[in-house]
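Below is one structure, written out as structure tokens; the observations come after it.
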Amino acid sequence: MTTAVSELMSSPPVTCSAQASLREATQMMDARQIGALVITDGPSVLGILTERDLLRASAARIDPAAEPVRRWMTPDPDVVALDEEVGAAWAGLSHHHYRHLPVVDRGSLVGVVSIRDLLSVAQIRPTDEAGADVPAGLEGVVVAETSIGDVRGLEGFFHYRQYSATELAARRSLEDVWFLLFDGALPDRDESARFGAEVAARRALPPGVTALLPALAGAGSPLDALRSGVSLLGAELGWRPTLDIGADELRSQALDLCACVPTLLAAAHRLRRGERPVPPRDDLSQVANYLWMLTGEEAPPDRARAVEQYMMLTIDHGFNASTFAARVIASTGADLAAAVTGAVGALSGPLHGGAPSRALDMLDAIGTPDRADEWIRRSVAEGDRIMGFGHRVYKTDDPRSVFLCDVARGLGGPLVDFAEQVERTTVDVLAELKPGRRLYTNVEFFAGVVMHTCGIPREMFTPTFAAGRTIGWAAHIMEQAADNRLIRPAARYVGPPPPAPVPAP
Ligand SMILES: CC(C)(COP(=O)(O)OP(=O)(O)OC[C@H]1O[C@@H](n2cnc3c(N)ncnc32)[C@H](O)[C@@H]1OP(=O)(O)O)[C@@H](O)C(=O)NCCC(=O)NCCS
């Protein structure tokens, strides 16, 4: 039995004019206990104003009595037809993160349908043996519990354990955040010094890995070398399945892994360029030592700190694709190297970790600020994605991007001004060409600018991301192993109906 949108929608809809003030709109929503207002001009839908818009407005500290609704609403929102089946409305809501859709009949507004209305039907629908359907890309689906951290996309906030991640990046070291992710609390001064010394002592690669590195480094990109190198490291160090070892042994392996990854990456980078690897030093911090091994020179403190802050901001970020991949593999009881190798593979994709160098390539291609508008319009018209913009979870400013923009400004240089101009143009053009999608700068855009300014070569951008994120992956793998159940979802079969007779060859 199918249900039409007309059977579920709220009607008549609560509407408001675009000229009304935000205060009037908020009072109306409060009085009617609703989460969205449809903005109309006669029977036509001009826009929709939701609680999220009010949150954005309140974050911008505007005066709600003086601010017209028109400036904060989403113009030309997606709508659903009165006789549409609820499945179509569900797809529209879940795909774009909407909570409300205006319902129209021959162009005129007749009601509003909300996620809550649709869920009321979902509860009375029989589930079949394949289980419940979830949105494409598992968007918004909770698949596990974690106490490592979380991302609040609508607020533009993320945290590690109970601490704001940006505040940690401003006030602590990478090693302190590493300790926090692994052991659950921030270290005091003594613990911090002890932990720093402990991990610094683990930076040298085992001889078996060092011997094979030239072959690994020559075969592909630095990230390919990392993927194979992590696998080799696990084999060399005899890492056994997580199912067969205790928490202490896994933690010790994870410390070795996270300490060795920068060494592996820096050595692979230098070997690819025909240079001798620079051995790690144990008198430098994790990031200062990484930059030392890459270049053979001690980085100026402001640059080492900028890269350290970048790595702290990207050490973990909710159930992103690579973290999920790591946890899926860990859930099979496989060893640490297997789980991290899979995570590196997921990170290498341009939609995940592969974007910062592409964002910089884009700045090169644009060339000058006056060409940005035309360049972005042409790319979107050709169906391309603008690298460094948009995010699955953030529908407002990505706090990492805001922080890194400040870091980039502190470092200075012409690229920073240019990047900021391109950012402004891109956000405006995307708002016009992709209304309602809420596309803002993500972490990758200014990450490329910061890393470039700090002298990291472009091909090492994503590997540098991996050097920090390995710590987050390892923390998740330990958490998964500590309370494990095999992750094994289901798929809905949509091919030709079985059983078809098998034809003779
Ligand atoms: C990060 C990303 C994969 C998230 O994607 P998502 O949540 O699956 O969003 P969708 O792919 O469903 O996109 C939603 C809509 O916004 C558009 N969109 C999203 N990001 C876009 C971008 N960077 N440039 C242009 N359009 C974009 C899509 O084309 C789509 O439009 P449509 O509704 O007309 O089809 C996506 O924003 C993207 O590809 N960004 C560029 C790559 C990047 O910077 N990656 C680093 C992420 S930290």
Handout entry: Value of D in µm² per second that Stokes-Einstein yields for the stretch 264-358, Kirkwood Rh from Cα pairs, at 10 °C (1.306 mPa s)
Key = 104 µm²/s
Handout entry: Neighbourhood charge, 15 Å Cβ-Cβ cut-off, centred on PHE195 and excluding it, Lys, Arg +1 and Asp, Glu -1
Key = -3
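With a length cut of 24 Å (Cα positions projected on each helix's long axis) and a Kyte-Doolittle mean of at least -1.0, go through the chain and give me the DSSP H helices that pass.
Values: long enough: 247-272 (37 Å, 0.35); 414-433 (28 Å, 0.30); 461-482 (32 Å, 0.33).
Length and hydropathy pass: 247-272, 414-433, 461-482.
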Practice task
Within the stretch 284-329, list the GluC sites (Glu not before Pro) lying in a DSSP loop whose Cβ has at most 10 other Cβ atoms in a 10 Å radius.
Solution key: GLU297
Handout entry: Whole-angstrom Cα spans of the chain along principal axes, big to small
Key = 74, 65, 53
Problem - the stretch 371-466, dipole about Cα centre (Lys/Arg Cβ +1, Asp/Glu Cβ -1), debye to the nearest 20 - result: 280 debye
Problem - Positive-end extreme of charge dipole, the stretch 288-341 - chosen from HIS317, ILE329, LEU291 (charges on Cβ) - result: ILE329
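Would you mind counting up the charge near LEU232? Only other residues with Cβ under 14 Å from its Cβ, with Lys and Arg at +1 and Asp and Glu at -1. Walk me through the numbers on the way to the answer.
Details: positive: ARG227; negative: ASP224, GLU236, ASP256, ASP335.
Surrounding charge for LEU232 is -3.
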Fill in the blank from the handout: Simple SL model, points at 7 angstrom along Cα→Cβ for ALA144 and PHE157; separation in nm is 2.5 nm
Completion exercise
Rounded to the nearest 500, the 222 nm mean residue ellipticity computed for the chain from DSSP H runs (n ≥ 4, each -39500 (n - 2.57)) alone is -16500 deg cm²/dmol
Handout entry: Pairwise FRET efficiency - ILE487 versus THR210, Cβ, R0 = 45 Å, nearest 0.05
Key = 0.80
Problem - Cβ-based charge dipole, the stretch 328-394, positive-most Cα from ALA359, GLY345, VAL393 - result: VAL393
Problem - Computed magnitude of the charge dipole of the chain (debye, nearest 20; Cβ of K, R +1, Cβ of D, E -1) - result: 460 debye
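I'd like the FRET efficiency for ASP133 and ASP302, computed as 1/(1 + (r/R0)^6) with the beta carbon distance as r and R0 of 56 Å, rounded to 0.05. Kindly include the intermediate steps, with their values, before the conclusion.
On the way: r = 51 Å, r/R0 = 0.91.
Here the calculated transfer efficiency is 0.65.
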Practice task
Kindly list the residues of the stretch 170-212 that lie in the label zone of ASP248, defined by a backbone N under 19 Å from the point 7 Å along the Cα-to-C-beta vector.
Solution key: 182-184, 195, 198-199
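Determine the dipole magnitude for the stretch 345-424: charges of +1 sit on the beta-carbon of Lys and Arg, -1 on that of Asp and Glu, nothing else is charged, the reference point is the Cα centre, and the result goes in debye to the nearest 20. All intermediate terms of the calculation are to be shown ahead of the outcome.
On the way: 10 positive and 13 negative charges, 63 e Å.
Dipole magnitude for the stretch 345-424 comes out near 300 debye.
No value in this document is a laboratory result; all are computed from the given coordinates. Just so it is clear, the structure is predicted and the values come from calculations on it, not from any experiment. Every residue, glycine among them, receives a Cβ derived from its backbone with ideal geometry; neighbour counts consider all protein chains shown.
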